[in-house]
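What follows draws every value from the coordinates through simple rules; no lab data is involved. None of these values were measured; they are calculated from a predicted model. Glycine gets a Cβ as well: all are built from the backbone with ideal geometry, and neighbour counts include every protein chain shown.
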Amino acid sequence: MSRCALPFVALAFAAAATCAFAADNDWAIYGGTSDGTRHSSLTQITKGNVSQLAPAWTHSMEAGGDPQTHPLAIGGVVYAYTPSLKVIALDGATGKQIWLFDSGVAGRGAQRGMTWWHEGREKRLFTSVMNFLYALDPLTGKTIAAFGDNGRIDLSQNLGRDASNLYISLTTPGVIYKDTIITGFRTAESGPAAPGDIRAFDVRTGKLRWAFHTIPHPGEAGYDTWPPDAWRKAGGANNWAGMVVDHKRGIVYAPTGSAVDDFYGADRAGGNLFANSLLALDAKTGKRLWHFQGVHHDIFDRDFPSPPVLLTLRHVGRLVDAVAQPTKQGYLFVLDRATGKPLFPIEEMATPPSNVPGEMTSSVQPMSRIPAPFARQHLSEDMLTKRTPEAHAWALAQFKNFHNDGPFAPMRLGQQTVAFPGFDGGAEWGGAAADSKRGIIYINANDIAWTGGLSQSPATKGLGAATYQSNCAACHGVDRRGSPPAFPSLIGLGQRMHDGNIAEILRTGRGRMPAFPAIQGDTLKALQTYLITGEDNVDAKEIAGEAPAKYRFTGYRKFLDPDGYPAVAPPWGTLNAIDLNTGQYLWKIPLGEYPELAAQGTAATGSENYGGPILTASNLLFIGATIFDKKFRAFDATSGALLWQATLPFAGNATPVTYTAGGRQFVLIHANNARDKKAPQGAAYIAFALPR
């Protein structure tokens, strides 16, 4: 349903505003431009006056949730999500709510943006909640009944198999090509999971126009890189990070994630095209034009984590239209946009084998040396923390027990393996900004170590324990102890939650945790009992038709010292400017800090950061992203010098936008404390502008 929060006169104002503002004043596309450059032509805020920026308005919302929203701003109206995934339209000049759309579908977690389409006087705002894609009238917030089934389509349909009980959520918005919207989706990272088809739908009717099978069907290219029946039951290889479109060429560029399971692939022997690939597809037909696979047979969770960026470079004396794809492992792959040919050398380097019975790793993996990686690749003893002698001694003792063999070391059986950079980057979903004409890209990166491992699945006759091991152990550990704060312990869960709370979280997800809609009935009851009591007296049976995997991931673990700080030496997060004409860095600086360490004189450490930068024509680079200091910053894009910063009420773990409303340029960011459980929880959109 939909309801208006302001009277009709406010809607009339919004309609007038839609006509009054030019496109250059808007942020009408996720990523700023169809090229994904996160670039604005606005110049009211300059290097000379950015120090005067001050809060202009704040729109506070319910506490909890981490939608990570990169809003749209069109005609002076901001379109965004709340933490409970309701859609709101705000007056861009004041932050006052114009309308709110409540789909009635319960949802939580990432919902990073929306999609705008218009032709003549016809306008549509595409939003999503979980597996449903909605077409809204941007003036009223009401669904457009002619689209799909009374205003929405179900993305769990038309996938070539029954996916109605599988987790599917459109967390990053689709892209527009003419009169189609092209989408991927997020799915589970352990079986059962949906196949990651990329699909195009008619913007007016919701009718499926085409589908590209990222897990190839018989007779399709790449089919021989999977077991023969993989197309019927394998999952993942999905586009969850978003896409970009070259409208002149009619090409959509779609990066894909890893296949399921993330860390054990004995049941999917082969290279597994088109998982972990950058796909160039004909945007009209879905036909594959070329592909580049960044990881062969991924058992490292090295998805392509963000949309690519389209820009023009001067390469070997000529102008080349390029596509640049950031990675979790810290490489930046730069390819010819038309052919997929690398513009800088990419070597297939030998990588270590797995010690897990039945696992057949790829003997080589692609590595890019130019540009140099923007995150460290191999943890050594001299890179351990020296923050205090005690912290260093602890880190050294732990390090000596780890398996440590570079960026493509498979998880070991019975031993923790170093992942450096960690499972959350290098690059992450916030995306890069770029000056497409000058060929310069700006990327923020995480640069801390994580560890993980495999263990043989425990023998259990209990339905609750078996369900837990199949669905929950990858994040919360085989022993339910988790890896706080990112992955909380479930020990003593019954003291914090009751059955209804647990069922709701399993149904809708929360934060980075996906939903598990297939867990129902007796299986749900048995899992709830096991989570609350640790006891399990119900006989196990097959879970959702899938035989339990022989080996299980032991859980994500950040390599943190006993005081909770990264156990490697700084920088723990960086912001980088790279000239892609030459492949050389223009500058590299730490991004973020821990306030308590800074107060003790240890500043400029960098910190984990989530959410990307944006660039303006005034050569200003705006970024929030940092978790612990909760700062919003503006840098000189030429030099990396800090020009302005403000402390937000919550962490700005989203990519900002900039737009004009009422003659003023605003810079807007979503903020919440979902990733800092020790801080007061809450969420808000905060807009900054120059004084009147």
Give the shape of region 155-375 as rounded, prolate or oblate, defined through the alpha-carbon gyration tensor: a ≥ b ≥ c are the square roots of its eigenvalues, a/c under 1.5 means rounded, and otherwise the shape is prolate if a/b is larger than b/c and oblate if not. oblate
Quick check: the distance between the Cα centres of region 330-347 and region 190-256, to the nearest angstrom? 22 Å
Give me the number: length gained by fully extending Asp579 to Leu690, i.e. 0.36 nm times residue separation minus the C-alpha to C-alpha distance, one decimal in nm. 36.9 nm
Please report the antiparallel percentage of the DSSP beta bridges confined to the chain, to the nearest 5. 95 percent
At 0.36 nm per residue, and after removing the present C-alpha to C-alpha distance, how many nm does the segment from Asp522 to Gln456 gain when stretched out fully? 21.2 nm
Sites Thr533 and Ala393, calculated FRET efficiency, Cβ-Cβ separation with R0 51 Å, nearest 0.05: 0.85
Kindly identify the chain as rounded, prolate or oblate by the Cα gyration tensor criterion: order the square roots of the eigenvalues as a ≥ b ≥ c, call it rounded if a/c is under 1.5, otherwise compare a/b with b/c, prolate if a/b is larger, else oblate. rounded
If r is the Cβ-Cβ distance from Lys400 to Gln495 and R0 is 30 Å, what FRET efficiency results, to the nearest 0.05? 0.25
J(HN,Hα) series, region 437-443, from Karplus relation 6.51 cos²θ - 1.76 cosθ + 1.60, nearest Hz, glycine and proline x: 7, 8, x, 10, 10, 10, 10
Placing each pseudo-label 7 Å from Cα in the direction of the beta carbon, Lys142 and Ser639 end up separated by a distance in nanometres of 5.6 nm
Considering only the other residues whose Cβ falls under 11 Å of the Cβ of Leu591, what net charge follows from Lys and Arg at +1 and Asp and Glu at -1? -1
